[in-house]
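I have a structure here, written as structure tokens, and I will follow up with some questions on it.
What follows draws every value from the coordinates through simple rules; no lab data is involved. Because the structure is predicted, anything quoted here is derived from the model rather than measured. Glycine also receives a Cβ, built like all others from the backbone with ideal geometry; neighbour counts cover every protein chain displayed.
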Amino acid sequence: MSEQGPAFDLSYVANLARLELSEEDVAMFEPQLQGILSYMEKLDAIDVSGIEPTAHANPVLNVTRPDEVCPSLPVEEALRNAPKSANDQFVVPKVVE
Amino acid sequence: MSLASQTIKGLQTLLQKKEIQPKEIIDSVAEAAAVRDGAIGGYLGLDQELAHRDAEEISGGVLAGIPIGIKDLLNVKGQPCGCASKILSNYIAPYDATSIAKLRASGGVPFGRANMDEFAMGSSNENSSIKPVHNPWDLERIPGGSSGGSAAIVAADEAIAALGSDTGGSIRQPAAFCGCVGLKPTYGRVSRFGLTAFASSLDQIGPLTKTVEDAAILLGAISGGDKNDSTCLDESVPDYVADLQGDIKGMKLGMPKEFFGEGIDPAIRASVEEAAKQFESLGAEIVEVSLPHTEQAVAVYYIIATAEASANLARFDGVRYGYRAPDAENLGEQYAKSRAQGFGNEVKLRILLGTYVLSSGYYDAYYLRAQKLRTLIRQDFTSAFETVDAIIGPVSPIAPFKIGENVSDPLAMYLADIYTISANLAGICGLSLPCGYMTPSDGQRELPIGLQILGAPFDEGKVLKLGHNFEQSTEWHQRRPSLG
């Protein structure tokens, strides 16, 4: 990662994260992220060739349960926290013309 | 002594003899909170009437009639669950988390929303978007985090016990800073269903209590398999309280040399070394062990935890729940503006970091590499537990600092998590309990020091037994902060 360096395009990352940043935000986050990413370069010193990655500490595979119909959250309750809803659905700004 | 100052164990006896009613305990906790919490800030809310109603419905169980404080990221049906975030300020939980359902099944009454770092991101509780928590031992200082509210209300006798969550030390470190007991269970011991996710491969719910015995009682109540969380293992739940009995003669305890190197406060080091001697006097054998990848743990953790957080927190988009920005013209803007206006700075920083380490071109260099190093960190513990029963060491290299002292330097805060985060990466269990007190160079007041006991997966019984033996042979757990 050092050849790429910790330099990165903050506005590109912010867009991926769906996070609007103000100029003040950029001025604050950029040096903080640079500092953290520089610190993370220390991982380069460890040889990890041939090591399997760990995604979960206690891996369990193929946990299944009987495919049975069970009660679930009633629609009314699922919508109770919605900022806007109508006709048993969430309302969002128009996405297709 | 007020009922709020009691332990679970003490109240069990009083309730069984019918000397007191559950309502009186709830009222005593509410009164203690009314008197002390203005200065401490450990609670975000307390619904006394609801707790009274809940208490009336109890039919029995090991926690029958005992109120338990709940960290603000655990869903309790009908109560706010705001994760100390503006983005969830109006959120009402539509269901009980499994740990809460189990708590109720044991007769416990969820009472009070405990303050925390927003979305459990922080080690100082300064990242709560509602208000900071003050350390009961010195109100100018942080209580630790992210379960800072849970630890502070227990330490200040504003609660009997509390539930918290631990992703990188968020139960153990505030327990150490506030002088109470905190347990992070093995990954898969307690269901995460209904716990607002921060980093799903690291999060665990656990107890914060006044004694090790209380931690054993509460852990027993919330543990066990869950069909709603496939990572929660269907291992049998032992009788943790019965397991406390007996001595620890012949048990072998490892002290990792990497936990006593550069950066540790000399007073903390001395106190933990003294605790090791105490274990020797109880008949345990102390040996040196090595956890060679300790130095890499902070970097590995902050890659994996932020990567998972960036994915988990994608659900806060202003559509189904939470804050929606009023000024968005299209859906994309609604996402970006709602999140910008709803999240606090530390949460944004971690989302950005997590998004970056997962992004195209950087995934292999950061995320995949961190996952491989996680394998090595896990192997370090597996090897150590082949030769020792448990590992002992400090919880934090530093004493609780003054509120505001480190807010502009997130990396400095991350580095102080060094002794706790590797347990989450390895998925093992860990207990924190008081082992001494110190007066820092920049203060006059005594501050607690925490001892950490780490155990192999599902070895909570052994860790609790060690902690109980240590606790009962010392007087550290009997001290209380002098408030007011």
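In debye, nearest 20, what is the charge dipole magnitude of the protein assembly as shown about its Cα centre with +1 on Lys and Arg Cβ and -1 on Asp and Glu Cβ, if you could check? Before the final figure, lay out the partial values.
On the way: 48 positive and 75 negative charges, 174 e Å.
I would put it at about 840 debye.
Next question, about the same structure. Would you mind checking B:Lys71/B:Lys337; A:Lys42/B:Lys86; B:Lys23/B:Lys249; B:Lys184/B:Lys277 for any pair whose Cα atoms are more than 32 angstrom apart? Before the final figure, lay out each step's value.
On the way: B:Lys71/B:Lys337 27 Å; A:Lys42/B:Lys86 35 Å; B:Lys23/B:Lys249 43 Å; B:Lys184/B:Lys277 24 Å.
From the list (B:Lys71/B:Lys337; A:Lys42/B:Lys86; B:Lys23/B:Lys249; B:Lys184/B:Lys277), the Cα-Cα distance tops 32 Å for A:Lys42/B:Lys86; B:Lys23/B:Lys249.
Follow-up. Taking the Cβ-Cβ separation of B:Ser482 and A:Tyr39 as r and a Förster radius of 35 Å, what is the calculated FRET efficiency to the nearest 0.05?
Numbers: r = 40 Å, r/R0 = 1.13.
About 0.30, to the nearest 0.05.
Expressed as a rounded percentage, what relative contact order does chain B have, with Cα pairs under 8 Å and six or more residues apart?
Numbers: 1176 pairs, mean separation 85.5, N = 484.
For chain B, the relative contact order is 18 percent.
Distance between the C-alpha centers of segment B:289-308 and segment A:27-62? Whole Å please.
Using only Cα atoms, the two centres lie 7 Å from each other.
Then there's this: Local charge sum around B:Tyr367 (other residues, Cβ-Cβ under 11 Å, Lys/Arg +1, Asp/Glu -1)? If you can, show how the numbers build up before the last one.
Numbers: positive: B:Arg369, B:Lys372, B:Arg374; negative: B:Glu308, B:Asp364.
Net charge in that neighbourhood comes out at +1.
Continuing with this model, one more query. Pop a pseudo-label 7 angstrom from the Cα along the beta-carbon direction at both B:Glu285 and B:Asp364 and give the gap in nm to one decimal.
With each label point 7 Å from Cα toward Cβ, the separation is 4.7 nm.
Next question, about the same structure. Report, for chain B, the % of DSSP beta bridges that are antiparallel, rounded to 5.
Numbers: 31 of 44 bridges.
Counting DSSP beta bridges with both partners in chain B, the antiparallel share is about 70 percent.
Let me ask you something else. Is there a simple number for the mean count of other chain Cβ atoms within 10 Å of the Cβ of residues in B:371-377, and what is it? Before the final figure, lay out each step's value.
On the way: counts 6, 10, 6, 6, 6, 5, 2.
Counting Cβ atoms of other protein chains within 10 Å of each residue's Cβ and averaging gives 6.
Collect residues whose amide H, placed 1.01 Å from N in the peptide plane, falls under 5 Å from the amide H of B:Asn127; neighbours closer than 5 in sequence don't count.
Amide H neighbours of B:Asn127, under 5 Å, 5+ apart: B:Glu118.
For segment B:159-203 and segment B:7-43, what is the centre-to-centre distance using only Cα atoms, to the nearest Å?
22 Å
Place the peptides B:15-25, B:220-230 in order of packing, highest mean first, counting for every residue the other Cβ atoms within 10 Å and averaging per peptide. Spell out each step's value before the answer.
On the way: B:15-25: 14.3, B:220-230: 19.9.
Averaged packing, sorted descending, gives the order B:220-230, B:15-25.
Using a Förster distance of 41 angstrom, determine the FRET efficiency expected from the C-beta separation of B:Glu235 and A:Leu16, and round it to 0.05. Kindly include the intermediate steps, with their values, before the conclusion.
Numbers: r = 39 Å, r/R0 = 0.95.
Plugging the Cβ-Cβ distance into 1/(1 + (r/R0)^6) gives 0.60.
Which is farthest toward the positive dipole end of the protein assembly as shown among B:Asn228, B:Leu447, B:Ile392, measuring Cα position about the Cα centre, with Cβ charges +1 (Lys, Arg) and -1 (Asp, Glu)?
Checked the options; the winner is B:Asn228.
Averaged across the residues of B:179-190, what count of C-beta atoms belonging to other chains lies within 10 Å of each residue's C-beta? Please list the in-between numbers first.
Numbers: counts 0, 0, 0, 0, 0, 0, 0, 2, 3, 5, 1, 0.
Mean inter-chain Cβ contacts per residue within 10 Å come to 1.
Would you kindly derive the ³J(HN,Hα) couplings of segment B:44-55 from the backbone phi angles with the Karplus curve 6.51 cos²θ - 1.76 cosθ + 1.60 (θ = phi - 60°), listing them in order in whole Hz, with x for Gly and Pro?
The phi angles translate into 9, x, 9, 10, 5, 5, 4, 5, 4, 5, 4, 5 Hz.
Then there's this: Based on other C-beta atoms within 10 Å, arrange B:Leu219, B:Leu14 from fewest to most.
Details: B:Leu219 26, B:Leu14 16.
The most exposed by this proxy come first: B:Leu14, B:Leu219.
Considering only DSSP beta bridges with both partners in the protein assembly as shown, what is the antiparallel share in %, to the nearest 5?
On the way: 33 of 46 bridges.
Bridges in the protein assembly as shown are about 70 percent antiparallel.
Let me ask something else about it. Measure of size requested: the Rg and Dmax of the protein assembly as shown, with Cα atoms as the atom set and Å as the unit; please supply both.
When restricted to Cα atoms, the protein assembly as shown yields Rg and Dmax of 22.8, 77 Å.
Evaluate peptide A:43-54: per residue, the Cβ atoms of other protein chains within 10 Å of its Cβ; return the mean as an integer.
Values: counts 11, 2, 2, 9, 2, 8, 1, 1, 8, 3, 9, 15.
Neighbouring Cβ atoms belonging to other protein chains average 6 per residue here.
Applying 1/(1 + (r/R0)^6) with R0 = 56 Å to the Cβ-Cβ distance of B:Met1 and B:Asn330, what FRET efficiency is obtained, to the nearest 0.05? Spell out each step's value before the answer.
Values: r = 60 Å, r/R0 = 1.08.
Here the calculated transfer efficiency is 0.40.
Continuing with this model, one more query. Just want to confirm a number: the relative contact order over segment B:39-163, from Cα pairs under 8 angstrom separated by 6+ residues, in percent.
Values: 298 pairs, mean separation 38.9, N = 125.
31 percent.
Hey, what number do you get for chain A at 222 nm if only DSSP H runs of n ≥ 4 count, each worth -39500 (n - 2.57), divided across all residues, to the nearest 500? List each step's numbers first, then the result.
Numbers: 3 runs with 30 residues, N = 97.
For chain A, the value works out to -9000 deg cm²/dmol.
So what is the calculated 222 nm ellipticity per residue for chain B, using -39500 (n - 2.57) for each DSSP H run with n of 4 or more, over all residues, to the nearest 500 deg cm²/dmol? Provide the component values of the computation, followed by the final result.
Values: 15 runs with 179 residues, N = 484.
Helices in chain B give a 222 nm mean residue ellipticity of -11500 deg cm²/dmol.
With the dipole of the protein assembly as shown worked out from charges on the C-beta (+1 for Lys and Arg, -1 for Asp and Glu) around the Cα centre, which of B:Ala159, B:Thr211, A:Pro74 lies farthest toward the positive end?
The Cα lying farthest towards the positive end belongs to A:Pro74.
Another question, if that's okay. What angle, in degrees between 0 and 90 and rounded to the nearest 10, separates the Cα long axis of helix A:23-40 from the longest principal axis of the Cα atoms of chain A?
Between the helix axis and the principal axis of chain A, the angle is about 60 degrees.
Rg to Rh for segment A:37-97: what is it, with Cα atoms only and Rh by Kirkwood? Write out the running numbers ahead of the final one.
On the way: Rg = 23.1 Å, Rh = 18.2 Å.
We get a ratio of 1.27 for segment A:37-97.
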